Amino acid sequence: MPTGGATITATVVGSTAAGQPLLQTSFGLVTIPGAQGLPTGTGVTLGLSPSALGNAEATARAALGLPPGNATGTAAAGGQPASLGRAWPALNEAFVQLSQTNPALAQTLLQTAIPQPSPQLAGALLFFMAALRGGDVRSWMGDQTARALGGRDGRSPLLSRLSDDMGQMTRTGTDAAGNEWRGFYIPLFDGRDLQQIRLFMRDPTEEGDGGAEGGSGHRFLIDLDLSKLGALQLDGLARTERLDLIVRTHRALPRDIKAEIVRLFEETAERVGLKGQVSFQATPHFPPLPFVEHNEIIEVHSEIEA
């Protein structure tokens, strides 16, 4: 324990995909790298230096969508599409509430409803997108979880905010017309924090349809922030029997991570009968996202040519 540092109490509420214990503290969710085998419900005392304490508080506020310097306070109700692309305060609040009142349900929500980086990620993303189209928070979380958040009658301001937010996110994916971009904001637990994946898709443009090269193809862009790797973009173009992908980061990825991404890409492409290639780009500035404030559509620049 650091000399002169502060201590906080925590409760084990589950575990990450890597087996690390997931702890609920007054600052939010934390993990302990290297620790394993702590049963759910175990009480833990953590020692923090003053600098670590300040960083933990700032991180927790950011994860909950709270402004700096406001440790208490309530997250804004019904975020706008642009803000929901960065954080989902109502979901963070729901998970904190479940962790305190029903840790087992919190763990179930984490493992079954919230996508995580794993071989099951694609299926989890599709499941959430299907729930978005249905517009029913219960079909995604499950009735038991919804009742736990909504009281006996299954209704509460928090549950209403979750439902309203899903409605906002649904509209970003259905309001687009023609070959405009459609956006989907999807929660992701990266092993340490709850993040938001920003997924954008666009159908082939009219100019390229039916061309000699099989049309301009379907464009997709996945934008997210990971605790370990930082900001990441997957910029792809899918055409008949071909898929090309750019992995974009601010800093060059380590060689072993690049090799693993290439391996997974090639195995997946072969499994579904596609050809293509994956390339890597390290740049301090990413191309702008399709959606900006007021839900305007802007063009995404990419090295992938139609």
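The values are calculated or read from the model by the stated rules, or taken from the named source; none is laboratory data. Keep in mind the model is a prediction, meaning the values are calculated, not measured. For neighbour counting, all protein chains shown are included, and Cβ atoms are generated from backbone atoms with ideal geometry for every residue, glycine included.
Conditions tested, residue by residue: (1) in contact with a His (Cβ under 6 Å, 6 or more places away or on another chain); (2) more than 30 Å from Glu267 (Cβ to Cβ); (3) not in a helix (DSSP H, G or I).
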| site | (1), (2), (3) |
| --- | --- |
| Leu98 | no, yes, no |
| Gln111 | no, no, no |
| Ile114 | no, no, yes |
| Arg147 | no, yes, no |
(request) Test each condition in (1) at pLDDT below 80; (2) farther than 28 Å from Thr112 by Cα; (3) buried (at least 21 other Cβ atoms within 10 Å of the Cβ) for Arg219 and report the one that comes out false. (result) (1)
(message) For the structure I just gave you, tell me whether Arg161 is farther than 27 Å from Pro21 by Cβ, in a helix (DSSP H, G or I) and at pLDDT 85 or above.
(response) yes
(message) Return the pair list, or none, for Cβ contacts closer than 6 Å from residues in segment 189-201 that are assigned by TED's automatic domain parsing to the domain that holds Gly85 and closer than 16 Å to Gln111 by Cβ to residues that are in a strand (DSSP E or B) and among the β-branched types (Val, Ile, Thr), at least 6 apart or on different chains.
(response) none
(message) I'm trying to understand the selection: among the residues of segment 242-274, which are surrounded by 12 or more Cβ atoms within 10 Å (Cβ to Cβ) and not aliphatic (A, V, I, L, M)?
(response) Arg242, Asp244, Arg248, Thr249, His250, Lys258, Glu260, Phe265, Glu266, Thr268
(message) Can you tell me how many residues within segment 90-136 are touching a residue at least 60 places away in the same chain (Cβ under 8 Å), within 13 Å of the chain's Cα centre (by Cα) and surrounded by 20 or more Cβ atoms within 10 Å (Cβ to Cβ)?
(response) 4
